[in-house]
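Notes follow once the structure below has been shown.
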Amino acid sequence: MRHTKNETTAQTLTRLIKALDSSHPVTITYTKADSTITIRTIEIYDINITAAGDITIKAMDRESGESRTFRLDRITAYTTHRTAYTITRSTTDETKARTAHGLATVTVLYPVDLPIADRIDLLADTLAA
């Protein structure tokens, strides 16, 4: 288990992008907005940056089987598994998310053929802009 307090945001993000690229689930310890702590095993499918500058992780929650969004700064610990994704993601979930009114997010597209370090640099440049 890795604790996010012991690594930089870039290191955490790099490992989560690696899990996304490899289709490996991740178990996270997450602090909700009301300060309760939850442990979830998720299957990441997208990483976004909100208009407020928060990095969000969009993933399927294995417990509920539904799409969830997690803020990177609220993840306190995580473990990347070596198994494969098991949840089939419905395209209607993505359509609903993209047509929501009042949702202020910025999707960061990065080429998958670049090495991880180049993609992190690309994401860091986008955050700085």
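For this structure, a couple of remarks:
- Length gained on full extension, THR8 to ARG71: 21.2 nm, using 0.36 nm per residue less the C-alpha separation.
- Zone of ASP61's modelled label, taken as backbone nitrogen in region 8-52 under 19 Å from a point 7 Å along Cα→Cβ: 25-48
- Cleavage-rule hits, trypsin sites (Lys or Arg not before Pro), region 54-94, DSSP coil, Cβ neighbours within 10 Å at most 14: ARG82
- Charge tally in the Cβ shell below 9 Å around ARG40, where Lys, Arg are +1 and Asp, Glu are -1, ARG40 excluded: 0
- Virtual spin-label span in nm between THR80 and ASP21, 7 Å along Cα→Cβ: 0.9 nm
- For region 5-22, the residues whose backbone nitrogen is under 12 Å from a point 7 Å from the Cα of ALA124, taken along Cα to Cβ, are 8-14.
Every number here is computed from the coordinates shown, using simple stated rules; none is lab data. Just so we're clear, the structure is a prediction, and the values are computed from it rather than from any experiment. For neighbour counting, all protein chains shown are included, and Cβ atoms are generated from backbone atoms with ideal geometry for every residue, glycine included.
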